[in-house]
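*Asks:* Below is one structure. I have some questions about it.
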Amino acid sequence: MTPPEPPRPQKSNRLGLPLEAYKGGKSTLCLGCGHDAITASLVRVLWESGIEPGRLAKMSGIGCSSKTPAYFSAGSWAFNACHGRMPPVATGALVANRTLLPLGVSGDGDTASIGLGHFAHAIRRNVPLCYVIENNGVYGLTKGQFSATADMGSRLRTGEENRAEPVDCCTLALELGCGFVARCFAADKRQLEAVLKAALAYRGTAVVDVVSPCVTFNNHEGSTKSYDWGRENERAVVEVGFVPFWETVEVEVPPGEAREVLLPDGSRVRLRTLEEGFDTSDPVAAWKRLREARAQKEFLTGLFHLVPGKPTFDEALGLVDEPLAFLPPERLRPSREALSEVMRSLM
Amino acid sequence: MTPPESRLADAPGSTVPVSPPPPANDFVIRVGTVNGSGSQTANMVLLRTLFQMGVPVSGKNVFPSNIQGLPTWFEIRLSPRGYVARRKGSDLLVAMNHETAEKDFAELRPGGVAVFEESMRLGGRGEDVQCFPVPFAVLVQECCPDPKLRRLVVNMVYVGVLAHLLDLEAQEVSRALKTMLGGKPKALAMNEVAVALGRRWAAEKYPGRCRLRVERPVQNVNAGKILIDGNSAAALGCCFAGVGVVSWYPITPSTSLGEALTGYLRKYRTDPATGKATFAVIQAEDELAAAGMAIGAGWAGARSMTTTSGPGISLMGELLGFAYYAEVPCVVFDIQRLGPSTGLPTRTAQGDLLQVATLSHGDTRHPMLFPASVAEAYSMALDAFDLAERWQTPVFVMSDLDLGMNLWGSEPFPYPEKPMERGKVLTEADLLRLGKGGFSRYLDRDGDGIPYRTLPGTPGGLGAYFTRGSGHDESGRYTEDAEGYRVVVERLLRKWETIRCEAPTPEVVPSGRGATRAGVLAFGTSWFPVTEALDILREERGMALDALRLRAFPFHDRVREFLADHDRVYVVEQNRDAQMRKILSAELPDLAPRLRSVLTFDGWPLDAGTVCAGIVAQEPAP
């Protein structure tokens with residue numbers, strides 16, 4: 001018996017799935033939270049990019065940001081790990097099944113404090129992981145302490161001033177050899193979505209640090225992670241365009257103005273620098289510019305650095321093509337002769 | 001007939017004028033050297049030579065947490081009855097370390113033999129100790145032209161001297177040398193010259209040999225046996241269990257497990273057609289990451305593991321508690337060392353029991369397996385992966401430094417005949433049959449407390465669920481609802497009961513004299529000294545005791561039965577706080593008053609004498 005033809009959705013992506021298929025449970029975050037804006041962008045990006053929900057592995061740690069995988073792509077497996085431990089759990093999952101597409105969602109406490117070591121080591125290894133940091137500079141669930149990404153001199157609601165240097169996840173990623181380093185603003189949807197599409201198509205660790213205002217604890221005057229501050233100060237230094245692999249339209253790139261980067265799946269990323277001298281292929285130059293921006297209290301956004309092609313962790317491990325998780329026993333258990341050989345060598 | 005073993009005169013430093021030498025093949029050799037001097041190869045040549053001659057023999061390396069310069073000892077026990085536990089004291093001393101020579105000499109048992117660098121001028125025990133001063137420094141100059149290598153080669157000179165004094169078969173010495181150094185022809189040649197020189201020199205100087213004797217037994221009990229350390233044995237088990245992802249952070253004494261496993265995997269788990277690996281070994285940035293990776297891989301469906309020691313277990317606590325509650329399989333090897341804190345990192349202990357049993361906060365419980373031999377290190381490694389996937393929880397294999405890092409003789413390991421048990425994993429076909437909404441991750445369908453799971457990336461895209469350490473209901477959905485939460489944690493208790501019934505059963509060894517009032521309970525490396533102690537108590541004191549060897553936690557019903565059947569049960573363990581006794585008391589409170597303790601916690605492998613003394617002091621005379 002053939003099941004009755006389902007009503008065809010009005011609009012579907014290349015897999016025939018409606019936008020609805022990429023939604024999740026209702027958000028429990030505060031109304032107006034920057035993280036919800038990022039979630040909405042992720043829903044659209046996953047849909048427009050035609051990502052198979054069953055291949056996506058939503059990985060997160062602990063914090064407001066790390067709750068958000070429950071709010072999108074309900075048809076995907078998800079792992080909400082311990083505080084700061086998302087990268088190793090994602091690494092283990094990816095190595096066990098290299099056909100998965102891990103999307104890590106983390107926060108500034110998760111990544112820049114308790115899990116800073118894991119963040120660094122995931123980048124060193126170049127674990128194929130789209131690593132989104134929902135960065136609000138503050139601990140929300142424990143009611144408003146500074147996080148390690150809070151800028152020097154920024155103030156809490158109570159007026160308390162931050163007197164420690166911030167951890168800049170972008171300059172740190174550049175230092176560690178990351179081939180995809182971006183900073184976005186949760187309210188700048190257009191740029192964020194182009195960057196996320198590129199990050200999902202990239203093979204390797206893609207760091208996307210998204211400044212995402214906390215409406216409850218860090219949206220006041222004196223904060224450098226508020227909506228107002230972001231809107232007034234954001235300056236994109238790179239314009240990001242994304243052309244998915246199935247679009248064959250040739251667009252002429254005027255020489256000297258933009259750089260087109262081909263990603264492994266055939267997608268193309270167009271990077272147009274909006275500031276003279278900024279070079280998205282030069283990590284040292286990007287690092288230098290970001291350090292200057294920090295000194296001058298500038299809020300720069302864009303895909304700062306994109307150089308694909310570095311071997312990913314699973315490639316470096318020389319793994320078989322099939323997922324280790326699904327190998328049959330005869331490929332996992334060596335032969336009787338192998339054991340005899342070992343035993344003879346021990347006699 | 002096997003001569004009776006001398007076991008009574010174990011008190012060191014006694015000054016009886018002349019004592020009779022022990023019978024052939026029944027004494028302890030102690031080599032005192034300096035860490036990093038390359039003596040390990042020489043000691044292995046001695047051990048292997050004796051093993052090849054068919055003499056029941058075991059070796060223990062007692063070494064410092066240091067790369068070069070601190071005292072280290074290697075003890076070789078020869079035992080006609082095949083006892084492999086450590087025996088306190090020594091009968092033949094090879095003193096190569098000026099710093100410890102006098103103390104080692106003083107501790108020689110009466111009737112002993114001392115071989116030492118002649119500049120040491122040891123003596124003063126009269127006829128009681130037979131002394132063999134040797135000009136090692138001069139001899140090594142003669143056989144080793146390169147001054148930089150003399151520090152290493154000098155060890156082979158003492159092998160040669162002992163080969164003469166004990167009349168070791170030259171061809172077996174040569175075979176042992178080849179086993180150890182066969183891959184390095186230059187080193188082999190140089191060391192062969194050193195052994196030959198030591199032997200020749202000793203034969204000329206001391207033609208009468210020494211009073212200790214080694215004889216090739218009529219029956220070679222070592223024929224067909226292997227020599228292996230427990231860490232390599234466990235590594236072999238992991239390799240043949242089909243481990244997919246190994247994540248670890250180096251720590252003594254578990255490091256050699258990770259390294260041996262890497263070697264076996266590279267050799268036997270590389271796809272011959274493509275040259276690609278069916279495994280991944282990841283050296284993590286710390287133990288938290290090691291646990292996280294193993295859990296991520298176990299969640300994704302690969303057989304995964306980590307290997308560590310006490311301090312690493314401490315760091316892994318939060319994640320392994322997560323895996324208990326989220327029900328993620330993985331295997332954790334804990335090669336225990338002496339704590340607390342950094343403790344004595346190169347000395348053995350059974351001191352992580354209380355920590356592991358309830359590792360992590362909240363109501364957490366973990367199953368533990370206790371291998372007592374290299375054969376069991378191998379078989380329990382195989383079992384651990386089946387059990388972890390069957391039970392969907394971390395399974396701990398509680399080895400220790402003594403088992404893991406020392407060489408032990410064993411029958412060759414059998415090939416695993418049992419098919420792999422991959423647990424309750426739903427396939428695409430299962431999910432299609434169940435239909436939409438038919439799968440609930442934490443629902444107890446079978447009444448055994450073990451739910452069904454799906455693997456991320458299962459073809460067809462059905463069966464996705466949310467894994468979390470926060471409160472969840474039977475579908476894996478976040479909940480703060482008291483009832484929804486309670487249902488899951490109570491079901492975990494039902495699963496614990498299933499685990500208790502399915503875990504490896506204890507080994508019970510009756511005294512052979514009918515039911516006894518007293519029994520002994522031990523596990524892991526405490527078992528060998530306990531079995532030897534039972535012989536001594538029976539033969540020398542007329543004391544008959546039944547014994548039980550624990551093989552797993554939680555405790556099978558037979559453990560309760562054993563305790564109930566005896567008025568007094570001596571729990572023998574290698575820690576200060578009677579940790580296993582405490583766990584037994586908590587699990588079986590009504591039987592707790594019957595438990596007594598025999599404890600050791602000085603970092604030295606447990607010996608039968610200590611067990612005997614501990615029991616005799618508490619047990620009423622028969």
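*Asks:* Let me confirm one metric for peptide A:333-341, namely the mean number of other chain beta-carbon atoms within 10 Å of its residues' beta-carbons.
*Replies:* 6
*Asks:* Another one. In segment B:488-535, what trypsin sites (Lys or Arg not before Pro) fall in a loop by DSSP, with at most 15 other Cβ atoms inside 10 Å?
*Replies:* Those that pass, being in a loop and sparsely packed, are B:513, B:517.
*Asks:* Which percent, nearest 5, of DSSP beta bridges in segment B:228-410 are antiparallel?
*Replies:* The answer is about 20 percent antiparallel.
*Asks:* Counting DSSP beta bridges with both partners in the protein assembly as shown, what percentage is antiparallel, nearest 5?
*Replies:* Antiparallel bridges make up about 35 percent of those DSSP assigns within the protein assembly as shown.
*Asks:* With both partners inside chain B, how many of the DSSP beta bridges are antiparallel, as a percent to the nearest 5?
*Replies:* 35
*Asks:* What lysines sit close enough to residue A:143 to cross-link, taking a C-alpha to C-alpha distance under 20 Å and skipping anything fewer than 8 places away on the same chain?
*Replies:* The qualifying lysines are A:67, A:225.
*Asks:* Moving to a separate point now. Counting only helical runs of four or more DSSP H residues, what would the 222 nm mean residue ellipticity of the protein assembly as shown come to if each run contributes -39,500 (n - 2.57) and the total is spread over all its residues?
*Replies:* -10500 deg cm²/dmol
*Asks:* Using the count of nearby Cβ atoms within 10 Å as a rough guide to exposure, how do A:282, B:473 rank from fewest to most?
*Replies:* In increasing order of surrounding Cβ atoms, one gets A:282, B:473.
*Asks:* Moving to a separate point now. Count neighbours as other Cβ atoms within 10 Å of each site's Cβ, and list the trypsin sites (Lys or Arg not before Pro) in segment A:23-114 that are DSSP loop with at most 16 such neighbours.
*Replies:* Sites meeting the loop and neighbour criteria: A:26.
*Asks:* Starting from 0.36 nm per residue, how many nanometres of slack lie between residue B:342 and residue B:106 once their C-alpha separation is accounted for?
*Replies:* Full-extension gain reported as 81.9 nm.
*Asks:* Distance between Cα centroids, segment B:247-321 to segment A:60-76: provide it in whole Å.
*Replies:* One Cα centre to the other: 27 Å.
*Asks:* Another one. Going by how many other beta carbons lie within 10 Å of each one, how would you line up B:386, B:448, B:146, B:363, fewest first?
*Replies:* By the 10 Å Cβ count, ascending: B:146, B:363, B:448, B:386.
*Asks:* Here's a follow-up. Hand me the trypsin sites (Lys or Arg not before Pro) from segment B:368-457 located in a DSSP loop with no more than 11 other Cβ atoms within 10 Å, in residue order please.
*Replies:* Answer in residue order: B:436, B:445.
*Asks:* While we're here: Report, in degrees rounded to the nearest 10, the 0 to 90 angle that the Cα long axis of helix A:86-96 makes with the longest principal axis of chain A.
*Replies:* Taking Cα atoms only, the helix is inclined about 30 degrees.
*Asks:* Would you list A:292, B:389, B:587, B:417 from fewest to most Cβ contacts within 10 Å?
*Replies:* B:417, A:292, B:587, B:389
*Asks:* Defining a contact as two alpha carbons under 8 Å apart and six or more residues distant in sequence, what relative contact order in percent does segment A:276-347 show?
*Replies:* 24
*Asks:* According to a simple spin-label model (label point 7 Å from Cα along Cα-to-Cβ), what is the distance in nm between residue A:15 and residue B:67?
*Replies:* The modelled label-to-label distance comes out at 5.1 nm.
*Asks:* Please state the charge dipole magnitude for segment B:507-616, taken about the Cα centre, from unit charges on C-beta atoms (+1 on K and R, -1 on D and E), reported in debye and rounded to the nearest 20.
*Replies:* 200
*Asks:* Oh, and also: Spin-label point model (7 Å from Cα, Cβ direction): what's the residue B:221 to residue A:258 distance in nm?
*Replies:* Here the modelled spin labels are 8.2 nm apart.
*Asks:* Using +1 at the C-beta of Lys and Arg and -1 at the C-beta of Asp and Glu, which of B:478, B:378, B:330 has the Cα lying farthest in the positive direction of the dipole of chain B?
*Replies:* The residue sitting farthest along the positive end of the dipole is B:378.
*Asks:* Output the relative contact order of chain B, whole-number percent, from Cα pairs under 8 angstrom with separation of 6+ residues.
*Replies:* The normalised contact order for chain B reaches 11 percent.
*Asks:* Can you tell me how much longer the chain between residue B:498 and residue B:560 gets when fully stretched, taken as 0.36 nm per residue apart minus their C-alpha distance, in nm with one decimal?
*Replies:* Result for the pair: 20.7 nm of gain on full extension.
*Asks:* Treating cross-link reach as a plain straight distance, find the lysines whose alpha-carbon is under 16 Å from the alpha-carbon of residue B:424, omitting any fewer than eight places away in the same chain.
*Replies:* B:495
Each value in this text was obtained by applying a stated rule to the coordinates, not by laboratory testing. Everything quoted here is computed from the prediction, not taken from an experiment. Quick reminder, even Gly has a Cβ in these numbers, built from the backbone with ideal geometry, and neighbours come from all protein chains shown.
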